[in-house]
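What follows is a short report on a single structure.
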Ligand SMILES: Nc1nc2c(ncn2[C@@H]2O[C@H](COP(=O)(O)OP(=O)(O)OP(=O)(O)O)[C@@H](O)[C@H]2O)c(=O)[nH]1
Ligand SMILES: [Zn+2]
């Protein structure tokens, strides 16, 4: 069942097309990155799929890994001229969104996971492992990435209907304005509604901790038969990426695209910071009325946030969660600083051992 698609069906839009200078970049092809393995990309124009690598020039100009192509990116390639038979990526088009996580190292860096995702499904189980705070952390990360979040609550079959109604209500109260869908992979309740959320041409990802049912959902969406279509691979390049069976960007039968990378599955412990303000936009808004600009919203004096909790306008639980996330973010920042200190000490140590061994060699 070979099915081909146009660039537009693959998610390409005027917004991306507007970035391409048709005269300057004549002869280059627009393709989408469908997988990455050890720095080598697999790209596709919707008709065929082939390997591609960054040009040395692009690599040199990259200020950080963030400028490297990632799954979901739209890139310009020129056909191979060398015997390596690998197309060269000359430019990564500006992204509409970047799914990223903060990684604390020497400096706090963003690790890019995927690009140009329209909607992220944040999935969590209603059964054992249900954790509202974790859900809220995922929400922060998605908001930070500029992606629309939708919450999918799985395993409704594990709850009695009264319990289910209460729990959904609890989630809705904590996350006003967020779309929430509950479903069961096993009983298929609500599955049709979830399937309808996947629209043709749009790009999605499903994130959530291990075991919540992401793979089962994808399999349900793909149907009994092999409804997911993998794009034909260009014949000429025998080796390299094509031995991999793991697809990182798949297309459902209805024409919706789903990005599912190993990095996405690893999104276990996410850091939070800037996204907090967006997720708790009601608190951000209130804080403009606090007496002091640097109000931490934990001491009552002139704090509009605490006043809102006292008056009942702001749910206590939501406020507590906000405070906890802020503390966590501060803690992460602190541990990143500590780590940096440690790195410095270590490098000083190595330098001193090196100079010592040089001295020793010199003495011989
Ligand atoms: N009761 C119940 N169990 C489910 C449901 N959906 C999935 N499961 C079970 O939950 C377990 C984990 O499901 P997966 O789909 O592998 O979970 P995942 O999120 O893909 O996990 P990772 O691949 O580790 O990231 C399996 O044993 C599924 O059978 C559901 O709707 N109800
Ligand atoms: Zn305040």
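General observations
- Annotation note: of 275, 302, 255, the sole residue that is surrounded by 12 or more Cβ atoms within 10 Å (Cβ to Cβ), at pLDDT 80 or above, out of contact with any strand residue (DSSP E or B) (no Cβ under 6 Å at 6 or more places or on another chain) and within 30 Å of residue 11 (Cα to Cα) is 255.
- Set side by side, the residues 112, 135 differ, and just one is at pLDDT below 95, closer than 27 Å to residue 55 by Cβ and in contact with a strand residue (DSSP E or B) (Cβ under 7 Å, 6 or more places away or on another chain), which is 112.
- Residue 157 vs. criteria part of a helix (DSSP H, G or I), free of Cβ contacts under 8 Å to residues at least 60 places away in the same chain and either over 22 Å from residue 97 (Cβ atoms) or not assigned by TED's automatic domain parsing to the domain that holds residue 312 (or both): yes
- Flag for residue 247 being closer than 16 Å to residue 45 by Cα, at pLDDT below 50 and in the same structural domain as residue 117 (by TED's automatic domain parsing): no
- Boolean, residue 139 is touching a residue at least 60 places away in the same chain (Cβ under 8 Å), within 15 Å of ligand 1 (Cβ to nearest atom) and closer than 21 Å to residue 258 by Cβ: no
- Residue ID - modelled with the lowest pLDDT, chosen from residues in the range 198-244 that are within 16 Å of ligand 1 (Cβ to nearest atom) and assigned to a loop (DSSP other than H, G, I, E, B): 228
The values are calculated or read from the model by the stated rules, or taken from the named source; none is laboratory data. None of the values given here were measured: they were computed from a predicted structure. As a convention, Cβ positions derive from the backbone with ideal geometry for all residues, glycine included, and neighbour counts pool all protein chains shown.
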